[in-house]
Every structure is written in structure tokens, then in C-alpha cells.
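A.B. asks: Here you go, one structure.
The values are calculated or read from the model by the stated rules, or taken from the named source; none is laboratory data. Values in this document were obtained by computation on a predicted structure and should not be read as measured data. Cβ atoms come from the backbone with ideal geometry, glycine included; neighbour counts cover every protein chain shown.
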Amino acid sequence: MPKSRTAAKRVAVARRRALRNRSIKSAVKTAIRKFERALTAADMELARRYLREAVIRIDKAASKGVLHRNTAARKKSRLACKLNRATGGVAS
């Protein structure tokens with residue numbers, strides 16, 4: 001239990017931010033899952049669309065500070081590599 005009024009406010013702010021971060025992370029994970037599901041179903045057109053959506057969500061999470069920018073770059077790279085492998089692309 002916080003002793004001062006400002007400490008109580010900080011607890012409230014931390015709670016609000018944690019909720020926001022959790023929902024943003026969940027949206028990122030859902031977008032990645034949708035992409036991977038389309039990839040396993042071998043629906044390349046749908047996979048490309050879901051890849052774009054996942055990249056947008058990852059970028060937004062990074063811009064809001066929920067994900068570190070290097071983490072975001074790594075996730076996007078890995079997703080692009082998966083798509084390239086599935087379509088017979090050159091990049092690995």
C-alpha cells in the first residue's frame with residue numbers, strides 16, 4: 001500500500017499503462033498468429049495481407065514503447081523470412 005498521495009497516483013498510472021501494454025502485445029501476437037495460420041494453410045495471398053497487418057501492429061507497438069525497436073525489427077524480419085521460404089523466395 002502506497003504511503004503518499006503521489007505514490008498512489010504512480011501505482012494507478014502503472015496499472016493503466018500495464019493494461020494498455022497488455023492489449024497492444026495481445027494484438028501483435030494475434031496478428032502474428034493469423035499470419036502463421038494463413039501460411040500453414042498455404043493461402044499466400046491471405047498470408048501477405050496478414051503480414052502487412054502484423055508489421056503495422058509491430059511498428060505501432062514499437063513506436064509506443066511497448067516493444068523495443070530491435071525486437072520489432074527482429075519479429076518483422078522473421079515473419080518476412082517465413083513468407084519468403086513458403087513462396088520459394090531467395091531470402092532465408
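A.B. asks: Can you name the number of the only condition in (1) within 9 Å of the chain's Cα centre (by Cα); (2) in a helix (DSSP H, G or I) that L67 fails?
C.D. replies: (2)
A.B. asks: Let me ask you something else. Just to be sure, is K60 within 26 Å of A18 (Cβ to Cβ), surrounded by fewer than 16 Cβ atoms within 10 Å (Cβ to Cβ) and charged (D, E, K, R)?
C.D. replies: It is true that K60 is within 26 Å of A18 (Cβ to Cβ), surrounded by fewer than 16 Cβ atoms within 10 Å (Cβ to Cβ) and charged (D, E, K, R).
A.B. asks: So in region 38-60, with the set limited to residues that are in contact (Cβ under 8 Å) with a residue 40 or more places away in the chain and part of a helix (DSSP H, G or I), which one is farthest from T71 (Cα to Cα)?
C.D. replies: Among those residues, the one meeting the criterion is M44.
A.B. asks: Run M44 past the list (1) of a type in the set (A, V, I, L, M); (2) surrounded by 11 or more Cβ atoms within 10 Å (Cβ to Cβ); (3) at pLDDT 95 or above and report the number of the one that doesn't hold.
C.D. replies: (3)
For (1) in contact with a Cys (Cβ under 6 Å, 6 or more places away or on another chain); (2) at positive phi; (3) among the small types (G, A, S), each residue gets a yes or a no:
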{"position": "N21", "(1), (2), (3)": "no, no, no"}
{"position": "S26", "(1), (2), (3)": "no, no, yes"}
{"position": "T40", "(1), (2), (3)": "no, no, no"}
{"position": "S77", "(1), (2), (3)": "no, no, yes"}
{"position": "G88", "(1), (2), (3)": "no, yes, yes"}
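A.B. asks: Where residues in region 1-37 are under 17 Å from the mean Cα position of the chain (by Cα) and among the hydrophobic types (A, V, I, L, M, F, W, C), which of them is farthest from H68 (Cα to Cα)?
C.D. replies: The selected residue is F35.
A.B. asks: Still on this structure, I have one more. Please pick out the residue among R20, R74 that is out of contact with any Gly (no Cβ under 6 Å at 6 or more places or on another chain), of a type outside the set (S, T, Y) and farther than 30 Å from M1 by Cβ.
C.D. replies: Just one listed residue meets the conditions, R74.
A.B. asks: Now a separate question. Specify the residue that is surrounded by the fewest Cβ atoms within 10 Å (Cβ to Cβ); the eligible residues are those in region 7-41 that are closer than 20 Å to A72 by Cα and of a type in the set (V, I, T).
C.D. replies: This residue is T30.
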